[in-house]
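Colleague: To start, I am sharing the structure in question, which I have written as structure tokens.
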Amino acid sequence: MSPVQKGIDEETFDRLWPKLVARFRRLGASEEDAQDLSQKTLMEAHRGCDSFQGHADFDTWVISIAKNKWLQHLRNQGRLKRQATEMPIETLQQAAPSDTRPDPEAETLSHDLMARIQEAIKSLPEQMQQALLLFVKGRKYRDIAVVLGVNENRVSSLIHQARSKLRRQFPT
């Protein structure tokens, strides 16, 4: 029985599921998002089996669906960020109940972590540090490029390198 005739059977599902989850994880999705995207991919493949023409391997066809799901996910993430409402920190502090201060140990750990992060950022090469700080302040790549006198690809590279270095120092 081919996947085209009856949709995606259990054997095909069991074969593709771990591959899809691993693929989405490699692309940077959280475990939850990877599973959600894998499920959406397999559902779409199941519904669209009758449109599979056999010009490519079935797995390749499913991977192309997965690629489209990933791109759609990234577009949706960008939309959510753009729709987010900015709120001054003072407003958030006023809205928080005043009796919910962290315990002294947690406060010390938080200050220690912030100091370590600041030191790690200061240890980055100057241009990388500037690109990261401007990015964190919400500047667009093209604006950062103008400030640093480089092209947008270089800005992207600098920010990626800075984030990678910081992730190695502060794994989650």
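The values are calculated or read from the model by the stated rules, or taken from the named source; none is laboratory data. Everything quoted here is computed from the prediction, not taken from an experiment. Neighbour counts are summed over all protein chains in view; Cβ atoms, including those assigned to glycine, are modelled from backbone coordinates with ideal geometry.
Colleague: If I ask for residues that are at pLDDT 90 or above, in a helix (DSSP H, G or I) and either surrounded by 11 or more Cβ atoms within 10 Å (Cβ to Cβ) or under 21 Å from the mean Cα position of the chain (by Cα) (or both), which ones from region 114-131 would you list?
Modeller: Hits for region 114-131 are Gln127, Met128, Gln129, Gln130, Ala131.
Colleague: I'd like the full set of residues that are part of a loop (DSSP other than H, G, I, E, B) and closer than 29 Å to Glu31 by Cα, limited to region 141-172. Before you say what the answer is, go through the steps one by one.
Modeller: Step one: of region 141-172, the residues part of a loop (DSSP other than H, G, I, E, B) are 149-151, 170-172.
Matches in region 141-172: Phe170, Pro171, Thr172.
Colleague: Hey, another quick one. I'm checking my understanding of the structure. Among residues of region 136-145 that are out of contact with any helix residue (DSSP H, G or I) (no Cβ under 6 Å at 6 or more places or on another chain) and either surrounded by 14 or more Cβ atoms within 10 Å (Cβ to Cβ) or touching a residue at least 40 places away in the same chain (Cβ under 8 Å) (or both), which one is nearest to Ala115 (Cα to Cα)?
Modeller: Within region 136-145, the match that is nearest to Ala115 (Cα to Cα) is Arg139.
Okay, residues lined up against (1) modelled with pLDDT under 75; (2) surrounded by 11 or more Cβ atoms within 10 Å (Cβ to Cβ):
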residue: Gly28; (1), (2): no, no
residue: Ser38; (1), (2): no, yes
residue: Thr41; (1), (2): no, yes
residue: His46; (1), (2): no, yes
residue: Val62; (1), (2): no, yes
residue: Trp70; (1), (2): no, yes
residue: Arg79; (1), (2): yes, no
residue: Ile89; (1), (2): yes, no
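Colleague: Under 8 Å between Cβ atoms, which residue pairs at least 6 apart in sequence (or on different chains) link something in region 27-49 that is not assigned by TED's automatic domain parsing to the domain that holds Phe13 with a partner that is at pLDDT 90 or above and assigned to a helix (DSSP H, G or I)?
Modeller: none
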